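All remarks here apply to the structure that follows.
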């Protein structure tokens with residue numbers, strides 16, 4: 001119990017994960033179990049003395065049985081809270097260890113827009129990639145390693161559907177939590193190819209939701225992914241459609257083929273105020289080598 005922190009000491013992102021998991025009673029249960037442990041400790045001291053000074057063996061056994069009965073009663077009354085705390089520990093163990101004091105690039109978008117492919121190409125983590133939606137069900141953290149003591153956290157998130165926040169499922173709410181509490185920059189991926197599961201209008205709806213959560217559109221980098229599947233006319237039409245609804249400075253790439261990936265990461269670093277050319281004498285070559293190393 002000493003290792004379970006008070007609710008107020010838990011970072012906001014992890015608190016939100018507990019709430020999403022239906023464990024909002026964490027602090028109530030933590031305090032209840034602490035109280036139960038004190039009761040058990042008091043009972044043990046009391047009955048240890050009674051057993052020690054029993055007049056004979058039958059009396060000692062009687063006191064022991066009474067202690068066990070009362071102790072089990074305390075445990076039974078605490079069972080629900082014990083289950084809640086056990087599940088809280090499991091969620092904590094299953095969640096990535098995030099340094100909330102350092103920048104985080106959160107990759108977001110609707111399902112099947114290439115988020116996991118992109119994160120796998122630019123970071124140390126290799127998320128599972130498949131041809132069906134919602135392959136990514138949890139927050140996944142990787143790092144772009146630019147030097148022995150210089151690495152950037154890059155986060156893969158589950159896809160978000162175009163519906164009101166209150167209607168999102170548990171998987172989608174994890175992505176929203178990452179955007180709300182962790183994102184220094186959001187790289188928002190779109191798929192406007194003919195194979196896309198979702199129309200551009202639906203993707204714009206989700207983009208606007210993310211923008212409202214982040215409350216700073218200067219920290220959102222909109223990227224059209226899978227440009228290898230688009231003709232020049234299709235790409236131009238998508239960019240114009242985005243500009244018509246106020247989405248300017250759209251970037252393009254193919255995470256699968258590697259086209260434009262370096263430029264997207266470089267722009268995300270610029271938004272973070274990280275100027276590769278000013279930090280490393282090799283300049284952009286450091287970024288190129290870092291991206292090359294993630295392919296192995």
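The values are calculated or read from the model by the stated rules, or taken from the named source; none is laboratory data. Here the structure is a predicted model, which means the values were calculated and not measured. Please note: Cβ atoms are built from the backbone with ideal geometry, for glycine as well, and neighbour counts cover all protein chains shown.
Being in the same structural domain as residue 122 (by TED's automatic domain parsing), under 15 Å from residue 146 (Cα atoms), out of contact with any helix residue (DSSP H, G or I) (no Cβ under 6 Å at 6 or more places or on another chain) and surrounded by 16 or more Cβ atoms within 10 Å (Cβ to Cβ) is not true of residue 287.
Here the helices (runs of 4 or more DSSP H) wholly within segment 209-296 that include at least 1 residues being closer than 20 Å to residue 113 by Cα and modelled with pLDDT of 90 or more are 232-244, 261-271. Among all residue pairs at least 6 apart or on different chains, which show Cβ distances below 7 Å where the first residue, located in segment 110-122, is over 18 Å from residue 176 (Cβ atoms) and not assigned by TED's automatic domain parsing to the domain that holds residue 173 and the second is at pLDDT below 90 and surrounded by fewer than 23 Cβ atoms within 10 Å (Cβ to Cβ)? Every condition considered, no pair remains. Taking (1) in contact (Cβ under 8 Å) with a residue 12 or more places away in the chain; (2) touching a helix residue (DSSP H, G or I) at 6+ places or on another chain (Cβ under 7 Å) in turn, residue 77 satisfies each apart from (2).
For segment 156-172, name all the residues that are crowded, with 19+ Cβ neighbours inside 10 Å and either in contact with a helix residue (DSSP H, G or I) (Cβ under 6 Å, 6 or more places away or on another chain) or modelled with pLDDT of 95 or more (or both). Answer for segment 156-172, where residues must be crowded, with 19+ Cβ neighbours inside 10 Å and either in contact with a helix residue (DSSP H, G or I) (Cβ under 6 Å, 6 or more places away or on another chain) or modelled with pLDDT of 95 or more (or both): 156, 157, 158, 160.
Note on segment 211-230: residues that are loosely packed, with under 11 Cβ neighbours inside 10 Å and either over 18 Å from residue 271 (Cβ atoms) or touching a strand residue (DSSP E or B) at 6+ places or on another chain (Cβ under 9 Å) (or both) amount to 1. Just one residue in the set 90, 126 is within 15 Å of the chain's Cα centre (by Cα) and either more than 19 Å from residue 221 (Cβ to Cβ) or at pLDDT 90 or above (or both); that residue is 90.
Within segment 2-22, at least one residue is more than 26 Å from residue 104 (Cβ to Cβ) and surrounded by fewer than 16 Cβ atoms within 10 Å (Cβ to Cβ).
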